[in-house]
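Here the structure comes first, spelled out in structure tokens, and everything after it is commentary.
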Amino acid sequence: MLSHTPMDDPSSFETLDNIMTAGFGSAGDYISLVILLSLITISALVSGSEAAFFSLSPTDKEVLRNDPSKKSDFVNKLLDKPQELLATILITNNFVNVAIVILSSSIMHGVLESSGLSTTAVFLLEFVVITLTLLLLGEVVPKIYANKRSLAFAQMMGRSLYYANNVPPISWIRSGLVSGTGFIHKRMRRGKVNLSTDELEHALALTKEDHTTDNDHKILEGIVKFGTTEVRQIMRPRLDVHALESSHTYNEVIEIILDCGHSRLPVYEDSFDNIVGVLFIKDLLPFLNSKEQVDWTSLMRKPFFVTENRKIDDLLKDFQEKKVHIALVVDEYGGTSGIVTLEDVLEEIVGDITDEFDEDELAYTKIDDATYLFEGKTALVDFYKVMEIQEDDLEIDTQSTETIGGLVVEVAGRILRNNEHVTIGRVKLIVESSDKKRIKMVKAIKLEQEEES
């Protein structure tokens, strides 16, 4: 008994022959083919337009704005309303693609109906051919080409898309689509997600790149923390404030001004807790050559008071609205804690601001890699930076104090004498100098590094 392969089966050759010889039986089939090729061309041009218009560089847009030609004018008008442009492209492309699917399916069905293939095979063949044709010729190839020649392609399609944008029914559908998108956008904005400061700081740390300078990164960190920083953290304490007493003579005032070099000085009566005004040094300029006694107190400006716990972003708004550069900080009992200036606020973002009259002060002394010497009034923020530690490393709550000296007093419960010390977390703080009122010098030692050495 002889066996035979499928190729020996006459029916197989007949089916293959039917597919190969299937063709167009009338002039209508050729017209349909021409229309199909035209639709594929339109789909390619419209898809390429999407890539071209939305990949124009700032330089390309500048060239278009300076080009007086009509084709550039059409492109500029479309770019002025990008949402309408995108809606027109998508609507046109979808209409054309639907027409391509319907027409190509009809043509292929007519070609394959006499091939002898099953209905399922015909459907799969149509699906594969039509899908690959739309993807390659209608999407991928034109978008790659248009992306490389975006300016020329946009100028070529500008006039056509401009007219399509204003022709019904595309213009009607486009208007409804843009209006609906605007409504959805407004609804989504109401439910926008609020990120915490910690989440923003974490995101900033993750996005730090090698080419980003430390200064740039510090500015970004300052912006993130700006809304959570309180006045007490940046103010100048009252012990470091130069002030005038209302009973001072004009000559005494001039001496104090020359000694401190500040442009604005608070004025008090009897006690610094009773601030009565602020003297702007520029107001004294007309009286510099005066030989008579000047009533300088009449030149005082009204003081502006803020509380210690006010956020500095709100303080910045106050400075802008009231057009002042200095504020007196008061505590919960109404006493004066210190002063804060516009420069102090801005330094939280951009870092230290110095001018030709500022003197560089030695904020700390490095004894070795583990030991540093600080002034008692050094801010804890600066202390953390120098010691390269975090607030959590101290293992205590430091919200109620801002300086190293204040931290030692808070932990010990009293003002320590010379050579007395406290251990906070992995840091040992030794008092080097103190008096009955405050701690003046503190030696800080990193315990881990000390043990290793």
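With the cut-off at 21 Å, tell me which of the pairs K302/K377; K311/K428; K366/K437; K302/K322; K377/K437 have Cα atoms farther apart than that. Where the Cα-Cα span goes over 21 Å, the pairs concerned are K302/K377; K311/K428; K366/K437. Label separation (T401 vs V122): 9.0 nm, computed from points 7 Å beyond Cα along the C-beta direction. Using θ = phi - 60° in the Karplus curve 6.51 cos²θ - 1.76 cosθ + 1.60, the 3J(HN,Hα) couplings for the range 253-261 round to 4, 4, 4, 5, 5, 5, 6, 8, x Hz; x is entered for Gly and Pro. Here the Karplus curve 6.51 cos²θ - 1.76 cosθ + 1.60, taken at θ = phi - 60°, turns the phi angles of the range 293-306 into couplings of 5, 9, 7, 5, 5, 6, 8, 5, 9, 5, x, 10, 9, 9 Hz, with x standing for Gly and Pro.
Near D273, the amide H atoms lying under 5 Å from its own belong to T336; only residues 5 or more places off or on other chains count, and H is placed 1.01 Å from N.
For the range 381-391, 3J(HN,Hα) computed residue by residue from phi via the Karplus equation (6.51, -1.76, 1.60; θ = phi - 60°) reads 4, 5, 4, 5, 5, 5, 6, 6, 10, 10, 4 Hz, glycine and proline entered as x. On full extension, the segment bounded by D435 and K322 gains 36.6 nm, given 0.36 nm per residue less the C-alpha separation. Inverting the pair-averaged 1/r between distinct Cα atoms of the range 231-350 gives 15.0 Å as its Kirkwood hydrodynamic radius. Of the peptides 60-69, 232-241, 42-51, the order by per-residue mean of other Cβ atoms within 10 Å, starting with the highest, comes out as 42-51, 232-241, 60-69. Put simply, the amide H of E308, placed in the peptide plane, has neighbours under 5 Å in V330, leaving out anything fewer than 5 places away on its chain.
Distance between the 7 Å Cα→Cβ label points at E332 and E252: 3.6 nm.
Each peptide in 278-285, 256-263 receives the mean, over its residues, of other Cβ atoms within 10 Å, and ordering these scores from highest gives 278-285, 256-263. Given their separation in residues at 0.36 nm each and the Cα-Cα distance between them, C260 and F287 gain 7.8 nm when the chain is fully extended.
No value in this document is a laboratory result; all are computed from the given coordinates. Values in this document were obtained by computation on a predicted structure and should not be read as measured data. So basically every Cβ, Gly included, is an ideal-geometry build from the backbone, and we count neighbours across all protein chains shown.
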